[in-house]
1. How much length, in nm to one decimal, is gained on full extension between ALA67 and ALA224, taken as 0.36 nm per residue of separation minus their Cα-Cα distance?
2. Tabulate in residue order the Karplus-calculated ³J(HN,Hα) for segment 62-67, using 6.51 cos²θ - 1.76 cosθ + 1.60 with θ = phi - 60°, rounded to whole Hz; enter x for Gly and Pro.
3. Amide H to amide H under 5 Å from CYS3: which residues, 5+ apart in sequence or cross-chain, H placed 1.01 Å off N in plane?
4. Counting Lys +1, Arg +1, Asp -1, Glu -1, what net charge surrounds ALA148 among other residues with beta carbon under 12 Å of its beta carbon?
5. Calculate, in nm to one decimal, what ALA233 and LYS111 gain on full extension: separation in residues at 0.36 nm each, minus their alpha carbon distance.
6. Could you give the nm distance between label points at HIS20 and SER75, where each point is 7 Å from its Cα heading toward the beta carbon?
7. Considering the options ALA48, GLY167, LEU284, tell which one lies farthest towards the positive end of the dipole of the chain, charges being +1 on Lys and Arg and -1 on Asp and Glu at the Cβ, about the Cα centre.
8. Would you mind telling me which residue in SER214, SER37, SER114 has the biggest mean-square fluctuation in a Gaussian network model of the chain, where springs connect alpha carbons within a distance under 10 angstrom?
Amino acid sequence: MTCAVISHPDCFKHDMGSHHPERPERLSAIEDQLIASGVGQYLTRLEAPLATDEQLTRVHPLDYVRAIRDVAPESGTVHLDPDTAMNPFTLQAALRAAGAAVLAVDLVMNKKTSAAFAAVRPPGHHACRARPMGFCIFNNVAVAARHAIAAHGLERVAIIDFDVHHGNGTEDIFEDDPGVLMVSTFQHPFYPYSGTEAPARNMVNVPLAAGSGSREFREAVREAWLPALDAFAPELILFSAGFDAHVEDDMAMLRLVDGDYAWVTAQMKDVADRHAGGRMVSMLEGGYALSALGRSVVQHLRVLAGLSGP
Ligand SMILES: [Zn+2]
């Protein structure tokens, strides 16, 4: 079994300011831990292509894609919302992040690798159909899902979102879409304060109270996610892989540890093996405590690459 890691130098150049938590050093921290752990040598490295308008407009209206292109600055910084900004490299980074989603799906669907991880930024799961939000511009995991359906003819795709924040953008895009099942856990009540009020039938949202840790998380996966996933029988597993529910991450107040990321990945790998020919694609979302982020990604990748179980 092989796993590809997709990234691009442009994703390191997107910078929203020296005090912004969603910073280029996040990708460096992942690289450092891949080297330190020895896992990096088992991974196939690829550069992300630019997403095309055809690929983006399966998720976002063309007017939105054009507006993002038009607002991209040639110098300085432009704010899209209080948390989300563009510098002169952001547009390219965002197009690479969404392009990584497309390449990752192509790799696993064409049996080049059985799994692929996109180490990209900006992240995507707060980006709604026509609204940037919460560090996100294009919804990368949604681009992956729609590409799998439109270009590879899949009928059922599952999105697994274990970021500490509710993936409101992904829900906005896929609510009531019978081809997509989304399962998620998130701290609640917490930003973006959504996900619990009458979620759509294809959303399995499990809110977790501040202070919840491994026990509550694993219970949610076993009792809510797994039955829904087995009933849905996805042909592809996509991860919105945010690592900000880690106990060391100050962004929020959940208490997951490194081993939880290996565990949940192994659970989802079993689902992928049962229903999806083992196909898994993972998109980086949050994770702001640099050491914990790098270590947790290594745990996730060890399982994606078949190097170890939890
Ligand atoms: Zn997050």
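1. Gain in length upon complete extension: 52.7 nm.
2. 4, 4, 5, 4, 5, 5
3. So CYS3 has HN proximity to THR44.
4. So the environment of ALA148 carries a net charge of +1.
5. 42.0 nm
6. Distance between label points: 1.9 nm.
7. Highest projection toward the positive end goes to ALA48.
8. Comparing SER214, SER37, SER114 in the GNM, the peak value goes to SER37.
None of the figures in this text is laboratory data; all of them are computed from the coordinates on show. From a predicted model like this one, the values you see are computed outputs, not experimental measurements. A quick note on method: Cβ atoms are made from the backbone with ideal geometry, for glycine too, and the neighbour counts reach across all protein chains shown.
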